[in-house]
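The values are calculated or read from the model by the stated rules, or taken from the named source; none is laboratory data. Keep in mind that what you see is a predicted model, and the values were worked out from it rather than measured. Here Cβ is always computed from backbone atoms with ideal geometry, including for glycine, and neighbour counts include all displayed protein chains. Quick note on the areas: whole protein, heavy atoms, side chains included, nothing else; ligands and nucleic acids left out. Shrake-Rupley method; radii C 1.70, N 1.55, O 1.52, S 1.80 Å.
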Amino acid sequence: MTHISSTNLADGRELLYFDDATADAASADDAALDSASAGKNTRRPEEHPDLRELPARSEPGEVRFDALTGEWVAVAAHRQGRTHLPPADQCPICPTTSGNPSEIPAPDYDVVVFENRFPSLGPALGPVPGNAGWGTTGTAFGRCEVVSFTPEHTGSFSGLSEVRARTVVEAWAHRTGALNELPGIKQVFPFENRGADIGVTLHHPHGQIYAYPYVTPRAAVMGAAARKFFDDADGRQTLTGSLLRSEREDGSRMVLEGENFSAYVPFAARWPLEVHLVPHRQVPDLAALSGEEKDELAHVYLDLLKRFDALYPTPTPYISAWHQAPLDDVLRPAGYLHLQLTSPRRAADKLKYLAGSEAAMGAFINDTTPELVAERLRTVTVPASALKPLPEGAHA
């Protein structure tokens, strides 16, 4: 199984190492796992402490209530000084070397999750103010974490091995479960921004996890629609499950189908490239997936990302957004985990920009047809390495 160990950085932030499972480690007995021969499964973070002299953590920013929309807006002015596209030898999420004491104290790692040094939310925890109106402010409670997918500075998620992708899935699931339990948290959101066109501030392959003290605007809209459908069906059907069933029966927008997950371009796709990856079983979040489902997710997710990258001569910028059920008594019963993978790329040399209609009115106009996009993604040549299964017994 994936081995997890934790430590603290010099300023007190939490860091967790997620070490790849191997077939040998998964089948080994406890004594073997305790032996030095078990390798990374006996990682001792205390052997590589963070020796940097870091300033004390900054106080949280604030949230302000937008009375026009009923939405919360986080104000995080302290993030203006965060690291921005440093050279490779100064990357903050490469393993530590003598010349680059980074955020990762160890000289090597597989996957790492740590609290963001420049968080939009947190590190303090608590609820947003109740009975909010014009002029209401509060502390920007919450937690922001960074997920480094690999110690390699170059490359992308689509280039990971399937074993490594499975470790990332385990990290997402573990952190979702842990963050769900923090006081005041209402929504946990793992995501990845990939590519300069999306606005990344680090080239190193990585993602993030935000734990919000409120239900975000998009999740609230989707959650309300899901709850209405759920109630109208007397709790016997879910909206996302119904959409998945309709897309599979229609077939024209399907991209791939597995035993536990399927992916399709939605009927009313907003973006030039948009795919939804949905589990066949209703689960609220990544933490609720079974081991078998996590295994397949690592496989199909890599396949999907490789299809995105195979469409054009250069890597496709994208936002990978994991929609998980909010921690809300009304919305959660109808919630249904799914991924929305989107890209603004509408041609090899063209991007879609959110201008007047989209940015101001939220009224999207798509320059492509979902059926054509699905056909391209279905038929694009995917490297054979994307389709290799996990080694038997690699995960439990």
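Since Ser357 meets every condition but one in (1) part of a loop (DSSP other than H, G, I, E, B); (2) out of contact with any Lys or Arg (no Cβ under 8 Å at 6 or more places or on another chain), which condition does it not meet?
Going through (1) part of a loop (DSSP other than H, G, I, E, B); (2) out of contact with any Lys or Arg (no Cβ under 8 Å at 6 or more places or on another chain) one by one, Ser357 breaks only (1).
Is it true that Val146 is in contact (Cβ under 8 Å) with a residue 24 or more places away in the chain, crowded, with 20+ Cβ neighbours inside 10 Å, closer than 20 Å to Glu47 by Cα and not aromatic (Phe, Trp, Tyr)?
When the stated conditions are applied, Val146 does not pass them.
Do any residues in the stretch 97-109 that are under 15 Å from Thr83 (Cα atoms) have Cβ atoms under 9 Å from those of residues that are exposed (fewer than 11 other Cβ atoms within 10 Å of the Cβ), where the two are at least six apart or on different chains, and which pairs are they?
Short answer, once both residue conditions are applied: Asn100/Asp89; Pro101/Leu51.
Being of a type in the set (Gly, Ala, Ser), at pLDDT 95 or above, within 16 Å of Ala334 (Cα to Cα) and over 20 Å from the mean Cα position of the chain (by Cα), is that true of even one residue in the stretch 247-255?
No, the stretch 247-255 has no match at all.
Residue under question is Val128, and the condition is that it be closer than 21 Å to Ala140 by Cβ, crowded, with 20+ Cβ neighbours inside 10 Å, aliphatic (A, V, I, L, M) and at pLDDT 95 or above; does it hold?
Answer is yes for this residue.
Would you check which residues across the stretch 175-219 are open to solvent by 40 Å² or more (accessible area, probe 1.4 Å) and modelled with pLDDT under 95 and list them?
Within the stretch 175-219, Ala196, Asp197, Ile198, Gly199, His203 qualify.
Name the residue that is farthest from Asp303 (Cα to Cα), counting only residues in the stretch 351-396 that are open to solvent by 80 Å² or more (accessible area, probe 1.4 Å) and modelled with pLDDT of 95 or more.
Met361
Considering only the stretch 201-225, state which residues are β-branched (Val, Ile, Thr), over 14 Å from Pro92 (Cα atoms) and in a loop (DSSP other than H, G, I, E, B).
If the condition is that a residue be β-branched (Val, Ile, Thr), over 14 Å from Pro92 (Cα atoms) and in a loop (DSSP other than H, G, I, E, B), then Val215, Thr216 are the ones that fit.
May I ask you to list the residues in the stretch 43-76 that are in contact with an Asp or Glu (Cβ under 7 Å, 6 or more places away or on another chain) and open to solvent by less than 80 Å² (accessible area, probe 1.4 Å)?
Arg43, Leu54, Arg57, Val73, Val75
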